[in-house]
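**Student:** Dropping a structure here in structure tokens format, bear with me for questions.
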Amino acid sequence: RFYEKVQALHQDPEASVDNPLLAFSLIKRLHSDWPNIIYSDEATRNTQGTGKMLGLVSPLSPRQSQEVVGRGWRSRRIDGTVEHGLARGVFQRAGHPPLYNPGRRAALSADDCFHVGKVAYDTGDYYHSIAWLEEAVSLFRLSYGSWNVEDRSSLEDALDHLAFSYFMAGNISHALSLSMEFLRYDPSNQRVSRNVAKYKKLLEMGTGARDRWDWQGCHGPPPPLLSPLHALLGPFPPQPAPEQLLHLSCSYETNSSPYLLLQPAKKEMVRSQPYVALYHDFITDAEAETIKGLAGPWLQRSVVASGEKQQKAEYRISKSAWLKDTADPVVRALDRRMAALTGLDLRPPYAEYLQVVNYGLGGHYEPHFDHATSMKSPLYRMKSGNRIATIMIYLSAVEAGGSTAFIYANFSVPVVKNAALFWWNLRRNGNGDGDTLHAGCPVLAGDKWVANKWIHEHGQEFRRPCSADPQD
């Protein structure tokens, strides 16, 4: 049965990885479903036949490593960019043509939806666990009573987790009704029975009683209600006023640099506050491939600044590498081009080395500032001040997702291959610009490569002087 299912899904090998839902299903089958079959009671009763089969395919099974688990988590990140219909293979549409239209339609099973929701549940992200567990409950109800050897979860599991998710979101009455439904399938479950009694008592006590909940014996501890991303994303500010849009234009720029006289930069003003400009055709295809090739062997999990240290974080899922200007003539030429474009001094230590970043399926970077917001930040170890500006070069195209979203300013810039995005992180008075809070949206389909150049404030005193207005 398992073989027939896999064979049917992989009739078109290219489509099997083109669709992120199929890619997620592939990872889940190899990581979870296949071991579940190997160690099932049925497999144990058929030891001899199973042994022969294992001799053929066991070497192909992946190790249950952190990387595989991480891919499942990154796939869950996609749900922030698509509609509830994702579970049925329908991707979010943004006008015409559709945002993403894979060559092959695929849907997630009840077990798939449960495990995606369970990851959100385990991290305290009840905002997303409710949506996914609701989908799992609906699908499990349709097939209740039928046996599926690949499923590691059940309707009871989904109801149990969904009830507690609703409770943590403050909907005690719905948590009660779901728990009552659970008890119809498993009336002997004492823990859920205790939860039902406590839900009823809380409803009798009225609103606000949830904070006085006795956590002894309930399903799990109460982490934060919403992830940091959702706390930052809402509510959005209003759209920019028409007079702000009047300053937006496209032009050829030389920035008074001889380097740009024969080939001026193609500048598109994206927003005047914060100042964000997109320079089209900033690099060539050959240069982009060279940079990716140089960085490839050195890619490691990206880190973020945390106090006085740098560490890995779940809110930045990518791999990165650093390239010195001595790594290749292409990197050196790129540094000269960026200096000519910005008019800033990019010589060490006034700018950091080129950081090349790769975001795979579901790769993202939640809202953050590029400049340091604390004097204890490791950015100050260069002793060249804070990050005054950012240049981000898109080294690849992306089929869907991957936009750079400026959260407070309420706009986003899509991935434009070979273009460079530039913005000032600091105001002329040296203070950080709060409007530069930005995020790398999850990659829905494809592979996103960018190269970042962070420029520091020391060495730029006469290139970007202070304003006469101390508030500027």
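**Student:** Just list whichever of LYS28/LYS417; LYS324/LYS417; LYS417/LYS453; LYS266/LYS383; LYS266/LYS376; LYS324/LYS383 have alpha carbons separated by over 27 Å in the model shown. Display every interim value, and only then the final one.
**Tutor:** On the way: LYS28/LYS417 32 Å; LYS324/LYS417 23 Å; LYS417/LYS453 17 Å; LYS266/LYS383 34 Å; LYS266/LYS376 38 Å; LYS324/LYS383 18 Å.
In this structure, LYS28/LYS417; LYS266/LYS383; LYS266/LYS376 lie more than 27 Å apart at Cα.
**Student:** Could you tell me how far the Cα centroid of the range 324-372 sits from the Cα centroid of the range 392-426, in Å?
**Tutor:** When both Cα centres are located, 14 Å separates them.
**Student:** Which of the three applies to the range 234-456, rounded, prolate or oblate, going by the alpha-carbon gyration tensor with a ≥ b ≥ c and a/c under 1.5 meaning rounded?
**Tutor:** Working: a/c = 1.15, a/b = 1.02, b/c = 1.13.
Rounded, since a/c falls under 1.5.
**Student:** Going highest first, how would you order 339-349, 185-195 by mean Cβ packing within 10 Å? Mind dumping the intermediate values first?
**Tutor:** Numbers: 339-349: 17.9, 185-195: 13.9.
Highest-to-lowest ranking by the protection proxy: 339-349, 185-195.
**Student:** Quick check: at a probe of 1.4 Å, how many percent of the accessible area of the range 234-456 sits on carbon and sulfur atoms? Mind dumping the intermediate values first?
**Tutor:** On the way: 5440 of 10070 Å².
Ligands and nucleic acids excluded, carbon and sulfur give 54 percent.
**Student:** Restricting to the range 291-440, what percent of DSSP beta bridges are antiparallel, rounded to 5? Numbers along the way, then the final one.
**Tutor:** Details: 26 of 26 bridges.
Looking only at bridges with both residues in the range 291-440, the antiparallel portion is about 100 percent.
**Student:** If we count every other residue with Cβ under 11 angstrom of ASN358's Cβ, Lys/Arg +1 and Asp/Glu -1, where does the sum land? Write down the numbers at each step before the final one.
**Tutor:** Values: positive: LYS292, ARG301, LYS319, LYS448; negative: ASP447.
Net charge in that neighbourhood comes out at +3.
**Student:** How high is the FRET efficiency between PHE462 and TRP298 when r is their beta carbon distance and R₀ equals 35 Å, given to the nearest 0.05? Walk me through the numbers on the way to the answer.
**Tutor:** Working: r = 35 Å, r/R0 = 1.01.
After rounding, the FRET efficiency stands at 0.50.
**Student:** Oh, and also: So what J values fall out for the range 266-272 if you push phi through Karplus, 6.51 cos²θ - 1.76 cosθ + 1.60 with θ = phi - 60°, rounded to Hz, Gly and Pro as x?
**Tutor:** Those phi angles translate into 8, 9, 10, 6, 8, 7, 8 Hz.
**Student:** Of LEU379, ALA265, PRO367, which is farthest along the charge dipole of the range 234-456 in the positive direction, counting Lys and Arg as +1 and Asp and Glu as -1 at C-beta?
**Tutor:** Looking along the dipole axis, the top candidate is LEU379.
**Student:** Let me ask something else about it. Expected output is a single nm value to one decimal: the length gained when fully extending between ARG141 and SER188, i.e. 0.36 nm times separation in residues minus the C-alpha distance. What is it?
**Tutor:** Details: separation 47, 0.36 × 47 = 16.92 nm, distance 2.03 nm.
Length gained between ARG141 and SER188: 14.9 nm.
The values are calculated or read from the model by the stated rules, or taken from the named source; none is laboratory data. None of these values were measured; they are calculated from a predicted model. Note that we place each Cβ from the backbone using ideal geometry, even for glycine, and neighbour counts take in every protein chain shown. Remember, those area values only see protein heavy atoms, side chains included, never the ligands or the DNA or RNA. Shrake-Rupley method; radii C 1.70, N 1.55, O 1.52, S 1.80 Å.
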